[in-house]
Each structure stands twice: as structure tokens, then as C-alpha cells.
Amino acid sequence: MLFALLAPLLLMAVGAGIDFQRWHTQTSRAQNAVDELAVRGAREFLLMNATDEQVKSVVEATADAQYRPEIGGFELTVSTVRDDKSVDVEIFQPALGSYFLKSFEPFRNGVSVKATAVARGVTNVCVIALDAEANDAISGNVVAKLSAPECAILSDSTAQDGINMRGMSVLEADLICSAGGVRGTSRNFNPEPLTDCPVYEDPLESRAAPAVGACDETDLELGDLSRALTRLNIIDATGTPPGYVRYDLEPGVYCGGIHIRASADVHLAPGVYIIKDGSLEVDLGGRLRGENVGFYLTGDNAVFRFEMESNIYLTAPKTGLLAGVLFFEDRAAPEGRTHSIMSRNARTLLGTFYLPRGDLEAASAVPLADQSAYTAIVARRLRLRGAPTLVLNANYKSTDIPTPDGIGPTGGQIYLRQ
């Protein structure tokens, strides 16, 4: 008799416990989702050109793609305060299967959770792949590595494989963001990349190009490929290795390009070098050194190519039209030209590669640009082939070479305020 009297109470207690556990699980999952959505939105404010509308659209797209399939349908409210760089996100979801506690608050009305995330500072933008549609706008294969631990790596491509890291290749950065999709596994990325990001506009789109005057040199070829090179690790008092001939060049218009062969040790005076209707090539064994120099590439076949055993040391100008810009490609160039760095000794490439119509390909077997205070890339596409390690530093305070607008000199962080 006692059991019969207590059985309904025991049944209600067990049912209430099940209801409570179900409600607690639902609330926890919704809170985790709202926290991550708020953080996801706030990360957009680390980009200098983010708008309120872009932040909201990213949160909504992420909710649709990731969280609604995971936790079920819910109502989403997103609001932003741009001046504060804060994002408020609220989720409401009807209670799932409450039977014994449905007459009690808060079980009756369902689950309502909120979160606010705040961004402070901006993330250094070190790579922007500008192609809006290409697969592999940023790509790597075999054991290639792109190391940019204090930087944002951005792909404007809306393609499914806008960022594609294959094999054992690795992309590591502070922020990895694709306007489209990403292909690769968790071992290819650090941190996990974000998708459906807003397109990041070309920060150098309004930068004026240098004027192109009459030719100062035509089809300039320096050095002799047939000369034997010995004792390359011994440098004489002038800084020129034995077996080399030193050439000193002045800024100007180099029609037909500059071809630096194996026995040439080329030193550039500060200024702007216009490479017109030809390429800047440094052959196996050639040497190219220039401080505070910038290159404007215009006309037919205006690309640069640094062969495997070349020796490259370049820093961008401090002032003028190319301040902070190491290479500037003519915006009227044919789309898809390839600029190649295969050098085993290109440790200092200080400045910005601006190749709005071209592809930058790195295929060295040793670190590239790792001794630069900073290196930034704004190109149609960036490709890493084989075993290069491209290092993009962001030590802006350690150099007096400026960074172009849109490539930020400070770091940022995000935290949840509630």
C-alpha cells in the first residue's frame, strides 16, 4: 500500500529529473552556440573594413550552416555596436520534450540565452588573395608551410576550395578566413579556418602607380652564366664574392627587363625601378641586393623570377609612391601571370608584394622572408609548392619602413563580456 501511494511521487520525481537534465543539456548547448556565434561575429571587427551588416550576415550564415543542424531550430537576434566593436547575440529555442516541469518557469517558455563578445584592436592583415572565384586562391601541397602567427590570412574567393591545403602542408596564423570554403584537415590549419567571411577589399586599390617614362636601359643582361663560381662563402672587402662582378644600378626605366646571371653581384641604389616589357630574373647563382627599393612591373612579360640558388636581399622604400611596397604590378596586366620565388637565400623581403593580377608562387626548400621585420602579400593568388616555409612576420615597430593602409600594425583580441 505504501509503495502504491509513493509510486506516483517517485515517478514524478524521476520524470522531473529527466526533464531537468534535458532542459539543462538544451540550455548548455544553446549557451555554447551563442557564445561561439558572438565570438565569431566579433572576430570580424578585427578586420579594419568590417561593417555592422557584414558582422550580422556572418553570424547568421554561421548559425545556419553549423548550429541549427547541430541543436535544432531557434530564433536568432544579432545586434552590434561598431564604436565598441561589440556583438550581442541572443538565441531562443522552445523547450524540447518537457512533460513534468512544463508548468514551471523557466521550463514553460523554453530556453533563452545571450552572449556579448568584444574585439579590441585589429589583426595584422598579412595575406589577401583577391581572386573572387578561383579555387586554390591560397594553396599549399606536399610539406609547404605558411607561418604567420600574428597575422590574418584572408581569401576573397567564394569558391568551395578558396583555401586548399593538401598533403602535409600547414597554414598557421592568428586568423584564417575564407569568403568561400576551405579544403584540408585539422592538421593542415592552426587555428581552424573560418568560412563565409566578408570579402576584404583591395587595400591598395587607390594607390597611384609610378609614371613610366622613356627607357633608361634596354634588355639589360648582367654577368656570364659560363663563368665558374668558387669559394662562394668568402666575401672580399667590397662585399663581392670571388668569381663575381659587381654591378651598381640606379633607379630608372628598364625596358626588356633585367636578367642577372650567375656571376653578377647586383647592388641597387634606393628608389623605384620600372621593369617594362620584360622580366626581372635572377639566375642560379646570381645576387641581387637593394635597400629602400621598389619595383613597378608593367607591359609584356613583366614578372619576377628568382631561381633556386640565387641570393636575394630587398627592402621597400620609406617614402614616395611605393612607400612600403616592394613589388607593384600594373593593374592592367593580363590575369594569371606567375611571379616565382625559388631562391634558397631570400631571407629578407621586407615590404609588401602587390600583385593584383598575378599569382605569387613560392617553391623554395628553405625558409623565405623569415629575417624580414614584416612581409605582406596582396595578390590574385598565393601558391606554395613543394617544401617552402614562407614566414610572414609582423614586427612593424622594428623597422622604419611603413606599412600600406589596410595592413594593420597592431594586434587584437576578443573576449566574452557576458
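The values are calculated or read from the model by the stated rules, or taken from the named source; none is laboratory data. These numbers were taken from a predicted model, which means no experiment stands behind them. Quick reminder, even Gly has a Cβ in these numbers, built from the backbone with ideal geometry, and neighbours come from all protein chains shown. Protein only, heavy atoms only, side chains kept; ligands, DNA and RNA dropped before computing areas. Shrake-Rupley method; radii C 1.70, N 1.55, O 1.52, S 1.80 Å.
Cα-Cα over 26 Å: which of Lys276/Lys318; Lys85/Lys114; Lys145/Lys318? If you can, show how the numbers build up before the last one.
Numbers: Lys276/Lys318 23 Å; Lys85/Lys114 17 Å; Lys145/Lys318 29 Å.
Where the Cα-Cα span goes over 26 Å, the pairs concerned are Lys145/Lys318.
Count charges around Leu204 for me, please; just the other residues with Cβ under 12 Å from its Cβ, Lys/Arg as +1, Asp/Glu as -1. Could the numbers behind the result be given before it?
Details: positive: Arg207, Arg331; negative: Glu201, Asp202, Glu205, Glu329, Asp405.
Local charge sum for Leu204: -3.
Between the C-alpha center of region 52-88 and that of region 251-279 there is a gap of 51 Å. When the surface is traced with a 1.4 Å probe over the full set of protein chains, Met165 keeps roughly 10 Å² accessible. Using heavy atoms of the protein chains and a probe of 1.4 Å, the accessible area assigned to His24 is about 90 Å². Of the whole protein surface, Phe189 contributes about 20 Å² of accessible area at a 1.4 Å probe radius.
Given that compact globular proteins tend to follow 2.2 N^0.38 Å, what is the ratio of the alpha-carbon Rg of region 280-418 to that value?
Details: Rg = 15.4 Å, N = 139, 2.2 N^0.38 = 14.3 Å.
Relative to the 2.2 N^0.38 Å estimate, region 280-418 comes out at 1.07.
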